[in-house]
Amino acid sequence: MRLLTGNDLRTGAVTWWTGNDWSLHVEDAVDVTGTEDEIARREEAARRVNAPYAIDASLHQGRPRPSHIKDRVRALGPTVRPDLTLKPADPDIGSWVI
Amino acid sequence: MADFVSDTDTLIRFRDDEQVDDAAVTVDSFLDQQDASAVRVEPGDDARALIPHLGRLSLVEVNFPAFGDGRGYSSARILREAGYEGELRAVGDVLVDQVAYMRRCGFDAFEPDAALDEGDLETALNRWPEVYQPAADARQPIWAKRHEGVRHA
Amino acid sequence: MYRYDQYDQAMVDARVEEFRDQTRRRLEGRLTEDQFKPLRLMNGLYLQLHAYMLRVAIPYGTLDSRQMHMLADIADKYDRGYGHFTTRQNIQYNWIKLEDAGDILADLASVEMHAIQTSGNCIRNISSDHFAGAAADEVVDPRPYAELLRQWSSFHPEFSYLPRKFKIAVIASDTDRAAMRLHDIGIQIVRNEADELGAAFYVGGGMGRTPMIAPCINAFVPLDRMVTYAEAALRVYNRHGRRDNKYKARIKILVHELGAEEYTRQVEEEFAHLLGQGVEPPFAELERIRGYFEDPLFEDGLSAELDRSDPDFALWVDRNTIAHKAPGYVSAVISLKPVGGIPGDATAEQMHLMADLARDYSFDELRVMHTQNIVLPHVRKADLHALWTALEAAGLGSPNLDTIEDIIACPGLDYCSLANARSIPVAQKISERFAANGKTEALGQLKLKISGCINACGHHHAGHIGILGVDKKGVENYQLLLGGSEAEDVSLAKITGPGFDEAGIVDAVETAADVYLRERQDGERFLDTYRRIGMTPFKEALYG
């Protein structure tokens, strides 16, 4: 599957396309295969996202998980500062990233 | 006539003399002939090749095919340092956030691909209260103001 | 240290307003991201892996307590309570909002600081010797020359759209503590036989994917022509540096392709021309700037004695303090490399504390080292115990300067969108390994440097031991390099062979360290032993 991601223009936060909006959480992302360019163009033009691009992903326990480690680090936060990630209390999150 | 207008409707000049409408030729072509008075300098051209012929030049266009290619800034300074006093026009991908530095390098006309917003242009040209370096414009660098009256080496 | 006058302040204030205006136009959609990107980069604002990142300039690594307090306040107010000190003596914040950037720049301007030209294809912040003004071996304090060049390079109308970034370092002693020859221009202030000061220009060094050591192109440029010479060196680069391939656009490639001799000829020709153009500030301007770098009022007759009865304190003194030109004083290094910590990170609380300690014990001055530590340059020996006690209590008392635990590491894949592998976890595991096995002290000076990609922000080419993280089919992999140095004995490290996984690279570093412990002769550092015995014994131990 393909996920569309970018950054919020104002805050810089990493965001994911959910089908009708942008979310901070990769598990909300939907498959955009075939439509990524069109959505990216439209959303960037409306400044609802900055520098969008599509990545490869697969389903992991029913939720999208980016295929490449860089996108997983990006989805979660720095592995060396779990307190600053989106899931500071999840003890298994390390194995999701690496 | 329509073509002519669309060619020049983004032209901004900071000169009082008559606008030069001669077609600018390439540097190679200019050097091959005796009568051209307007030339277009591309980023890879050696502006110094024009120096022996400055007397017959009334317009030098310096092309910026992409705004990030800064070779044209050096071309402009080289021509001004050599004493060229004719029109020096920046053409191409010229952005409003670049014109203040371009003015400092000696450009006195701009013909950007996309028209510049007048208010933004005004703001940009008045942005810097001081300058740190002497350049092709007449502005006094900060060090000269700090040492008014001190003879420069 | 240098103070802004009304002119400097007006320029920095104007820049804040310019960037506010540019940000507003971006948010209104009047600038595209492609158009905005070079503008924000020239104000140090990146779009990084998790958010915007702001890099703040610390000119030649010098700051006072007021400025350090402001850096801490920015960490608290606009970021997540910490900052990261970098290998070019700057600080960067990882969680910045674009809409806050103008306010942050305004706060910085209120303490004579900025983020001008800390990124982008322009002349970057100028770095220098972190012991400048304190070192016993310097010819003069190099910072006035760095400041003169800072002003010349700021908002330079001709050199703001160079082929690629451009880094300058200025030193003034034969001991190189600033990786001078690995810069685009390295300048060493020297004294000639006639006792005159001049600038030796080294041009075309750098790390990155094609590491090069800068050749000397002019061994003595008179000081009243230094700016003109730099202008000539830059103009040749701006005109002829490659723009067809960003990986070949640094000046080192131009110097390499032309040959140092031909590049030098072109610079000399341009220099001869520019001498007639009035580029050089008057000597009085250099004198004015020098006035800001007078020695503080060192006390006479201080005791050189130290109570070494506390062994932990004695170890820290031996490891982390450096001889000072004034009797009774030392320069003290505050390590930002606690065992298992993140190299170069400091919390807002730690920054506030370092600022207070600088005010109390170091004439209000701090320095940032390119090795991502902090220096208090002028500390009375009599104050060292009190200083150390305060540092220990805040987790800042690690006695590990220049040891294998004093690791340079770039932010790596944890923060950086260019990275291929994580650097920080490797640094953490290595420092933990050597703290546990007790070999740190025996290994002595061993400079270990880790980069998470080929761009080499972690200086792996210049490590006695270097580590380069690469992406091997989506899995992090680490190459080991040996034999580099950023110092006056500059050399580029060589790759040992096939790479390792994360656990494997930690073992490999210990294996290489053990080869040294086995093979070393009297007084040899790791680097000396490597240079004497070569790569083969290390390869045999690693892969045999």
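Using only C-alpha positions, report the orientation-averaged shadow area of the convex hull of region C:6-109, nm², one decimal. Present the calculation step by step, with values, prior to reporting the outcome.
On the way: hull surface 27.5 nm².
Its average projected convex-hull area is 6.9 nm².
What are the residues whose amide H is under 5 Å from the amide H of A:H25, where those residues sit 5 or more places off or on another chain and H is modelled from the backbone?
Result for A:H25 returns A:W16.
Per-residue Cβ counts within 10 Å, from other chains only, averaged over C:466-479: what number is that? Before the final figure, lay out each step's value.
Working: counts 0, 0, 0, 0, 0, 3, 0, 0, 4, 2, 2, 0, 0, 0.
Averaged over the peptide's residues, the number is 1.
How much of the DSSP beta bridge set in the protein assembly as shown is antiparallel, as a percent to the nearest 5? Walk me through the intermediate numbers first.
Numbers: 67 of 96 bridges.
If I count the DSSP bridges inside the protein assembly as shown, around 70 percent turn out antiparallel.
Taking 7 Å along the Cα-to-C-beta vector as the label spot, tell me the C:V470-B:R127 distance in nanometres, rounded to one decimal.
Modelled inter-label distance: 4.2 nm.
Please say if region C:287-441 is rounded, prolate or oblate, where rounded means a/c under 1.5 for a ≥ b ≥ c the square roots of the C-alpha gyration tensor eigenvalues, and otherwise the choice is prolate for a/b larger than b/c and oblate otherwise?
The shape class here is oblate.
Kirkwood-based Rg over Rh for region C:142-290 (C-alpha set), two decimals? Can you show the working numbers first?
Working: Rg = 14.6 Å, Rh = 15.5 Å.
For region C:142-290, the value is 0.94.
Name the residue farthest towards the positive end of the dipole of chain B from the options B:G83, B:P112, B:G68, assuming +1 on Cβ of Lys and Arg, -1 on Cβ of Asp and Glu, about the Cα centre.
So the residue furthest toward the plus end is B:G83.
How large is the direction-averaged shadow of the alpha-carbon convex hull of region C:311-393, in nm²?
Numbers: hull surface 21.7 nm².
With the hull built on Cα positions only, its mean projection is 5.4 nm².
Restricting things to alpha carbons, tell me how big region C:408-543 is in terms of Rg and Dmax, in Å.
Expressed in Å, the Cα Rg and Dmax of region C:408-543 come to 13.9, 45.
What GluC sites (Glu not before Pro) in region C:12-107 are in a loop by DSSP, with at most 15 other Cβ atoms within 10 Å of the Cβ? Could you put the intermediate results ahead of the total?
Values: sites: C:E17, C:E18, C:E28, C:E33, C:E99; in loops: C:E28.
Answer in residue order: C:E28.
Starting at the first residue of region B:21-35, write each ³J(HN,Hα) from the Karplus equation 6.51 cos²θ - 1.76 cosθ + 1.60 with θ = phi - 60°, in whole Hz, x for Gly and Pro.
10, 4, 5, 7, 9, 5, 4, 4, 5, 4, 6, 7, 10, 9, 10
With the contact rule set at Cα under 8 Å and sequence spacing of 6 or more, what percent relative contact order holds for chain B?
Numbers: 223 pairs, mean separation 30.4, N = 153.
So the answer I get is 20 percent.
From the phi angles alone, apply the Karplus equation (6.51, -1.76, 1.60; θ = phi - 60°) to region C:52-58 and give each ³J(HN,Hα) in whole Hz, x where the residue is Gly or Pro.
Listing the rounded values in order: 6, 10, 10, 9, 9, 6, 10 Hz.
For the protein assembly as shown, list the cysteines whose Cβ sits under 4.7 Å from no other cysteine Cβ?
Here B:C105, C:C122, C:C216, C:C416, C:C453 come out as lacking a disulfide-compatible partner, given the Cβ-Cβ threshold of under 4.7 Å.
Residue by residue through B:137-145, how many Cβ atoms from other chains fall within 10 Å of the Cβ on average?
On the way: counts 1, 0, 1, 0, 7, 10, 13, 4, 3.
Neighbouring Cβ atoms belonging to other protein chains average 4 per residue here.
In nm, what is the difference between 0.36 nm times the number of residues separating C:A436 and C:V139 and their Cα-Cα distance?
Numbers: separation 297, 0.36 × 297 = 106.92 nm, distance 4.15 nm.
Difference between extended and current length: 102.8 nm.
Among C:S65, B:S74, what is the fewest-to-most ranking by other Cβ atoms within 10 Å? Can you show the working numbers first?
Working: C:S65 20, B:S74 23.
Ranking C:S65, B:S74 by Cβ neighbours within 10 Å, fewest first, gives C:S65, B:S74.
Per residue, how big is the convex hull around the C-alpha atoms of the protein assembly as shown? Give it to me in cubic angstrom, could you? Present the calculation step by step, with values, prior to reporting the outcome.
Values: hull volume 145.8 nm³, N = 795.
Value for the protein assembly as shown: 183 Å³ per residue.
Just to check, using Stokes-Einstein with a Kirkwood Rh over alpha carbon pairs, what's the diffusion coefficient of region C:423-493 at 20 °C and 1.002 mPa s in µm²/s?
Details: Rh = 12.7 Å.
Once the numbers are plugged in, D ends up at 169 µm²/s.
Please state, to two decimals, what the Cα-based radius of gyration of region A:2-86 comes to when divided by 2.2 N^0.38 Å (N = residues).
Values: Rg = 12.4 Å, N = 85, 2.2 N^0.38 = 11.9 Å.
Taking N as the residue count of region A:2-86, the ratio is 1.04.
Once the dipole of region C:1-89 is set up with Lys and Arg at +1 and Asp and Glu at -1 on Cβ about the Cα centre, which of C:H50, C:M70, C:Q9 lies farthest towards its positive end?
Value: C:H50.
Amide H neighbours of C:D345 under 5 Å, at least 5 residues apart or on other chains, H built in the peptide plane: list them.
Amide H neighbours of C:D345, under 5 Å, 5+ apart: C:F85.
Nearest 5 percent is fine: what portion of the DSSP beta bridges confined to region B:2-128 is antiparallel?
Values: 2 of 18 bridges.
About 10 percent, rounded to the nearest 5.
Enter the Cα centre distance for the pair region B:67-95 and region A:34-62, rounded to the nearest angstrom.
41
State the extension gain, in nm to one decimal, for the chain segment bounded by C:E99 and C:K246, taking 0.36 nm per residue of separation less the distance between their alpha-carbons. List each step's numbers first, then the result.
Details: separation 147, 0.36 × 147 = 52.92 nm, distance 3.01 nm.
So the chain would gain 49.9 nm between C:E99 and C:K246.
Taking Cα atoms, how many degrees apart are the long axis of helix A:36-45 and the longest axis of chain A, rounded to 10 and kept between 0 and 90?
It works out to around 80 degrees.
Could you work out, residue by residue across C:280-292, how many beta carbons of other chains sit within 10 Å of that residue's beta carbon, and then give the average as an integer?
4
Run the numbers on chain C and let me know its relative contact order in percent, using alpha-carbon pairs under 8 Å that are six or more apart. Each step should come with its number before you reach the end.
Values: 1173 pairs, mean separation 68.8, N = 544.
Relative contact order of chain C: 13 percent.
Students often get this wrong: which residues of region C:294-314 have the backbone nitrogen under 16 Å from the point 7 angstrom along Cα-to-C-beta of C:V339?
C:312-313
Cα gyration tensor of chain C, axes a ≥ b ≥ c as square roots of the eigenvalues: rounded (a/c below 1.5), prolate (a/b > b/c) or oblate? Intermediate results must be reported in sequence, preceding the final value.
On the way: a/c = 1.27, a/b = 1.17, b/c = 1.08.
Judged from the Cα gyration tensor, chain C comes out rounded (a/c under 1.5).
If r is the Cβ-Cβ distance from B:A66 to C:E261 and R0 is 22 Å, what FRET efficiency results, to the nearest 0.05? Let's see the in-between values first.
On the way: r = 32 Å, r/R0 = 1.45.
Rounded to the nearest 0.05, the efficiency is 0.10.
Scan around C:F220 for amide H atoms under 5 Å from its own, H built in the peptide plane at 1.01 Å from N, and keep only partners 5 or more places away or cross-chain.
For C:F220, whose amide H was placed from the backbone, the distant partners under 5 Å are C:F201.
Considering only DSSP beta bridges with both partners in region C:355-508, what is the antiparallel share in %, to the nearest 5?
70
Just need the relative contact order of region C:442-514 here, percent rounded to a whole number, with Cα pairs under 8 Å and 6+ apart.
The normalised contact order for region C:442-514 reaches 23 percent.
How far apart, in nm, are two points set 7 Å out from the Cα along the Cα-to-Cβ line at A:A51 and at C:Y292?
Using points 7 Å along Cα→Cβ, the separation is 3.3 nm.
Separation of region C:85-100 and region C:160-190 by C-alpha centroid, Å?
22
Are there trypsin sites (Lys or Arg not before Pro) in region C:17-75 that DSSP marks as loop and that have at most 16 other Cβ atoms within 10 Å, and which are they?
Filter output for region C:17-75: C:R30.
Which whole-Hz ³J(HN,Hα) couplings does region C:325-337 yield from phi under the Karplus relation 6.51 cos²θ - 1.76 cosθ + 1.60, θ = phi - 60°, glycine and proline marked x?
Working through the residues one at a time gives 6, 9, x, x, 10, 9, 9, 10, 9, 8, 6, 9, 10 Hz.
Report the rotationally averaged projected area of region B:1-131 based on its alpha-carbon convex hull, in square nanometres.
Working: hull surface 33.6 nm².
Directional mean of the projected Cα hull area for region B:1-131 stands at 8.4 nm².
What does the helix-only formula give at 222 nm for chain C: each DSSP H stretch with n ≥ 4 adding -39500 (n - 2.57), the total divided by the residues, and the result rounded to the nearest 500 deg cm²/dmol?
Working: 17 runs with 200 residues, N = 544.
Rounded to the nearest 500, it is -11500 deg cm²/dmol.
Of the peptides C:220-227, C:468-475, C:86-93, how do they stack up when ordered by the mean number of other Cβ atoms within 10 Å, highest first?
The densest-packed peptide leads the list: C:86-93, C:220-227, C:468-475.
No lab work stands behind these numbers, since they all come straight from the coordinates. All values reported here derive from a predicted model rather than from experimental measurement. In this analysis, Cβ positions are derived from the backbone assuming ideal geometry, glycine residues included, and neighbour counts consider all displayed protein chains.
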